[in-house]
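The values are calculated or read from the model by the stated rules, or taken from the named source; none is laboratory data. Remember, it's a predicted structure, so these values are computed and weren't measured experimentally. We place every Cβ from the backbone using ideal geometry, glycine too, and count neighbours over all the protein chains shown.
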Amino acid sequence: MKPEEVLESIEAVAPSKGWPIIGPKRGVILDEVVESQKPSSILEVGTNVGYSAIRMARHLKAGQRLTCIEISGDMARTAIVNFERAGLSELIEVIVGDARSILPTLTTGFDMVFLDAVKDDYLEYLRSVEKLLHAGSVVAADNVKSFSSAVKTYLDYVRNSGTYASSYREAPSNWGTDEGDAVEVSVRL
């Protein structure tokens, strides 16, 4: 299957299964970030069934990589199947476990980080990998509108620390069941 077909198959069942995917409308923001920044190494914190990882990995080339961290073994297995279906498994590594424990052990740098796990932990996730980011690395954080109070310290940091140039990108509802959501896109200075 093509990556787009796998994305559509996930979109078709996500609402009924309660899968909290970024979805097609906010997903366009993620596509734009990957297309404009052209990262060769991406870290995703919170993989779920692999939807956003597929959106990002389909823009990568051979030799580039996407490292996914997912706390749930069941979700990680589902994501791996979806990566295989999309023909992208060669580009994606999945690490199963708690990101708070895993992130401090990583040693390879990243051009992009996508945060989409426990919202209260966004700042901890970022601080754990900040040493692996370079000037121009981009950090995209999902759900910053719907979880605005949970991500407040994270947003204060990326907007006011002087370390990032940050922008808020809002998108309409994917399924018409809510008021939409937003992604904070922050580029390391």
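Some notes on this structure:
Residue by residue, here is whether (1) without any contact (Cβ under 8 Å) to a residue 24 or more places away in the chain; (2) surrounded by 15 or more Cβ atoms within 10 Å (Cβ to Cβ); (3) touching a Pro at 6+ places or on another chain (Cβ under 8 Å); (4) assigned to a helix (DSSP H, G or I) holds:
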residue: Ile21; (1), (2), (3), (4): no, yes, no, no
residue: Arg26; (1), (2), (3), (4): no, yes, no, yes
residue: Cys68; (1), (2), (3), (4): no, yes, no, no
residue: Ala76; (1), (2), (3), (4): no, yes, no, yes
residue: Phe83; (1), (2), (3), (4): no, yes, no, yes
residue: Glu90; (1), (2), (3), (4): no, no, no, yes
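- Annotation for region 9-31: no member residue is in contact with a Cys (Cβ under 7 Å, 6 or more places away or on another chain) and modelled with pLDDT of 95 or more.
- Within region 1-10, the set of residues being surrounded by 17 or more Cβ atoms within 10 Å (Cβ to Cβ) and farther than 26 Å from Asp98 by Cα comprises Pro3, Val6.
- Region 92-119: number of residues that are among the β-branched types (Val, Ile, Thr) and surrounded by 20 or more Cβ atoms within 10 Å (Cβ to Cβ): 3
- Filtered by the rule that a residue be outside any strand (DSSP E or B), free of Cβ contacts under 8 Å to residues at least 60 places away in the same chain and of a type in the set (A, V, I, L, M, F, W, C), region 153-189 gives Leu155, Val158, Leu189.
- Qualifying residue in region 34-51 (condition: part of a helix (DSSP H, G or I), crowded, with 16+ Cβ neighbours inside 10 Å and touching a strand residue (DSSP E or B) at 6+ places or on another chain (Cβ under 9 Å)): yes
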